[in-house]
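The values are calculated or read from the model by the stated rules, or taken from the named source; none is laboratory data. The structure displayed is predicted, hence computed values, not measured ones. Neighbour counts run over all protein chains shown; Cβ positions are idealised from the backbone, glycine included.
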Amino acid sequence: MTAKPSSLEDTITTVTEYARARKFDKNSTARGLAISLSLEANELLEYFQWSEEPLGTKQDLESELADIFIYAIQFANNCDIDIPSAIQAKLQKMEQKYPIEIFHIEDDDERAKAQLKAKQNYKKDTAL
């Protein structure tokens with residue numbers, strides 16, 4: 001294993017090399033990776049099932065979160081998705097949906113109303 005990654009790009013490279021060395025990239029489908037990603041997210045959620053505070057340790061949460069990121073990177077590779085570009089594009093859409101001014105409204109009720117109105121007025125991109 002290489003040294004501790006210092007950036008998102010380094011992490012993506014490390015996960016990609018790890019998966020390729022084990023031929024995970026040859027045996028994984030987008031569907032299988034999407035299912036695995038969801039299952040891992042649910043494993044993280046289990047730590048909060050009966051409590052607002054996690055029932056596991058920080059290391060437990062780190063391990064589950066790492067599984068989520070690993071599957072997400074493998075899914076992105078399988079589907080030829082550039083993660084930094086996808087994140088940047090999503091943040092730009094969210095800026096349109098939720099203008100920053102809304103979050104600077106001091107009154108909690110007014111801010112909540114403004115957030116709901118912004119959400120209702122935004123046209124969601126869906127292919128389904």
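If a residue has to be among the small types (Gly, Ala, Ser) and under 24 Å from residue 9 (Cβ atoms) to count, how many in segment 44-75 make the cut?
3
Out of everything in segment 11-46 that is loosely packed, with under 12 Cβ neighbours inside 10 Å and charged (D, E, K, R), what residue ends up being nearest to residue 66 (Cα to Cα)?
Per the criteria, the residue is 22.
Could you check segment 52-128 for helices (runs of 4 or more DSSP H) lying wholly inside it with 1 or more residues that are within 14 Å of the chain's Cα centre (by Cα), surrounded by 10 or more Cβ atoms within 10 Å (Cβ to Cβ) and at pLDDT below 95?
Correct list: 83-97.
List the pairs whose first member sits in segment 85-113 and is at negative phi, whose second member is part of a loop (DSSP other than H, G, I, E, B), and whose Cβ atoms are under 7 Å apart, counting only residues at least 6 apart or on separate chains?
Pairs that qualify, where the first residue is at negative phi and the partner is part of a loop (DSSP other than H, G, I, E, B), are 97/122; 111/105.
Can you report the number of residues in segment 69-126 which are among the aliphatic types (A, V, I, L, M) and farther than 30 Å from residue 20 by Cβ?
8
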